[in-house]
Amino acid sequence: MISRRDFLQVSMAASAMVGASGFGNWARLAAQQALTQDQLLEFDTFGNVSLIHVTDIHAQLKPIYFREPEINIGVGGNKGEVPHVTGADFRKMYGIEDGSPSHYALTYNDFSSLAKEYGRVGGLDRVATVINSIRAARPDALLLDGGDTWHGSYTCYQTAGQDMVNVMNALKPDAMTFHWEFTLGQDRVREIVEGLPFAALGQNIFDAEWDEPAEDFKPYEFFERGGVKVAVIGQAFPYMPIANPGWMFPDYSFGIRDEHMQQMVDEVREQGAELVVCLSHNGFDVDKKMAGVVKGIDVILSGHTHDALPEPVLVGDTIIIASGSNGKFVSRVDLDVRDGRMMGFRHKLIPIFSDVIEPDAEVASLIDEQRAPYQAELDEVIGQTDSLLYRRGNFNGSWDDLICDALLSERDAEIAMSPGVRWGPSLIPGDDITRDDIWNVTSMTYGKAYRSEMTGEFIKVILEDVADNIFNPDPYYQQGGDMVRIGGMGYSIDISKSQGERISDMTLLSTGEPIDPARNYVVAGWASVNEGTEGPQIWDVVESHIRKLGTVSLEPNTSVKVSGT
């Protein structure tokens, strides 16, 4: 792995490829009033091919708040490497001034106060404005969607993804790949894909019965751009049947399939591809490993782990781009491709400050049209919050603390579990909590809140399994989520240990007693991958709890003790 400090020097000396990022154009602006749309979009058009990357939108049509993680621990060879650097260390690494717009956009510190200063981010009408601006300079730019698009909101759930399909079609992507989309069910996914006016890609989506590439998804698509033959290869989320309910898409199998990826790269090269782009939903660390295993990929557009990096990471001759989530950023990559080889690039991670970027009127109208039938339900105020509500972090987030509290109270449980998903906007102190907000952090097609009995031993097995999914030193064994959130119980975790030995000191918080491996505990949770799970929907459980509270006030969660970092 090349260090950032040596990035330009080594790339120029080793391969004659030169690269730069335009991050500094906005990173060091001192105040919001100095920030303009022109500055955010400023870019010296370069080379002959432009890529536009969005990923992990999670059905967020409107501007939101989104706090970046406080804790994002890397293990093995990725310890201390981006994206596993946060807060002040991240700002120091990239020369970001405290209190600047980039401090707010890219790190978690002082989030509530900076959110009041700089406002909301995202909104697909603002994203449309950015895309239109890039296309004005480079009309044949490729717009590529990294997936997790048709999932994550009230209207997306109610329309089975159609609201997002309608709006994304208006943005005119050239290709997309997939993850949470499959939780709409395979029949619905096929129905949508058949009508898409752009390529649905996944070289690793196979027919489960015949173990051969699925006919519904192309492995790659060719494009002619700037006199260059470009191949875009899709890489869907590899761990679908493990992380999500396999019974929802039984006809398909996934996996990383890097040997097949190498075959696809070789195949498109043989067909004359001069630039090979991988549109990936692997997660960043998996993409870094794959870039070192598979030869001949020029660019990996990385998704799934929601990382936002202001500069690419270089692995060999492959550049890896991370474009954040929830519509908060758009990446522009300009490439100089000559004689069948990528000679250089220019890159800019563009933050979508919604108060700065003018919304595209046509897309804004289309968004309002999708939401109009549900507006009264969306806008209903359920309560207020005195606490910052956020989700991201390896071990807990305040939204999940609230969800766990709701499960403990409403389901009369001793212990609560909430999945360590990374999607979901934030709310700042003083905000109303609407039904829209609750669904933004709970919406899924298998959201029933179960109540069951589990032994202390089985609870430990669950924690150990999830911990290995996150902290296994081999990225190919990481699934890209965070630790299951626990309510009513504390524990210690040593991430440096091996599977089965990381979790200790499990304690029932209500009594202070150690968890008894042989005793049954009443456990409430949600998002079980098991078919036939019974219980109320999680959004109803959370809404009932917030209505009873009136105002949400959460104490800092100190129930997880972390070591071995």
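The values are calculated or read from the model by the stated rules, or taken from the named source; none is laboratory data. This structure is a prediction, so every number in the text was calculated from the model and none was measured. Backbone-built Cβ (ideal geometry, glycine too); neighbour counts: all protein chains shown. Note: areas computed on protein heavy atoms with side chains; ligands, DNA, RNA excluded. Shrake-Rupley method; radii C 1.70, N 1.55, O 1.52, S 1.80 Å.
Okay, here's what the table says:
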| item | result |
| --- | --- |
| Across Lys79/Lys328; Lys448/Lys561; Lys460/Lys561, pairs whose alpha-carbon gap is larger than 18 Å | Lys79/Lys328; Lys448/Lys561 |
| Contact order relative to length of the stretch 263-336, as percent, for alpha carbon pairs under 8 angstrom and 6 or more apart | 25 |
| Accessible area (Å², per residue) of the chain, counting only protein heavy atoms and a probe of 1.4 Å | 36 |
| Karplus-derived HN-Hα couplings along the stretch 46-57 (A = 6.51, B = -1.76, C = 1.60, θ = phi - 60°), whole Hz, x at Gly and Pro | 9, x, 10, 9, 10, 10, 10, 10, 10, 7, 6, 5 |
| Convex hull of Cα atoms in the chain, direction-averaged projection (nm²) | 23.7 |
| Lys92 paired with Glu267, simple spin-label distance in nm, labels 7 Å along Cα-to-beta-carbon | 4.8 |
| Sequence of Ile242, Ile515, Ile205 when ordered by accessible area, the most exposed leading, probe 1.4 angstrom | Ile242, Ile515, Ile205 |
| Relative contact order of the stretch 318-476, defined on C-alpha pairs under 8 angstrom at six or more residues apart (%) | 18 |
| Percentage, to the nearest whole number, of Cα pairs in the stretch 118-198 over 21 Å apart | 31 |
| Binned Cα-Cα distances of the stretch 368-441, short to long, each 10 Å bin given as a whole percent | 18, 44, 31, 6, 0 |
| Protection-proxy order for peptides 279-291, 375-387, each taking the mean of Cβ atoms within 10 Å per residue, highest first | 279-291, 375-387 |
| Trp526 long-range amide H proximity, modeled H, under 5 Å | Met417, Tyr450 |
| Relative contact order of the chain, defined on C-alpha pairs under 8 angstrom at six or more residues apart (%) | 18 |
| Bins of 10 Å from zero: percent of alpha-carbon pairs in the stretch 36-184 | 10, 29, 36, 24, 1 |
| Extension gain from Glu224 to Lys497, taking 0.36 nm per residue of separation minus the Cα-Cα distance | 93.3 nm |
| Interchain or long-range residues, amide H under 5 Å from Gly19's placed H | Phe345 |
| More than 13 Å apart - percent of Cα-Cα pairs taken over the stretch 246-303 | 63 |
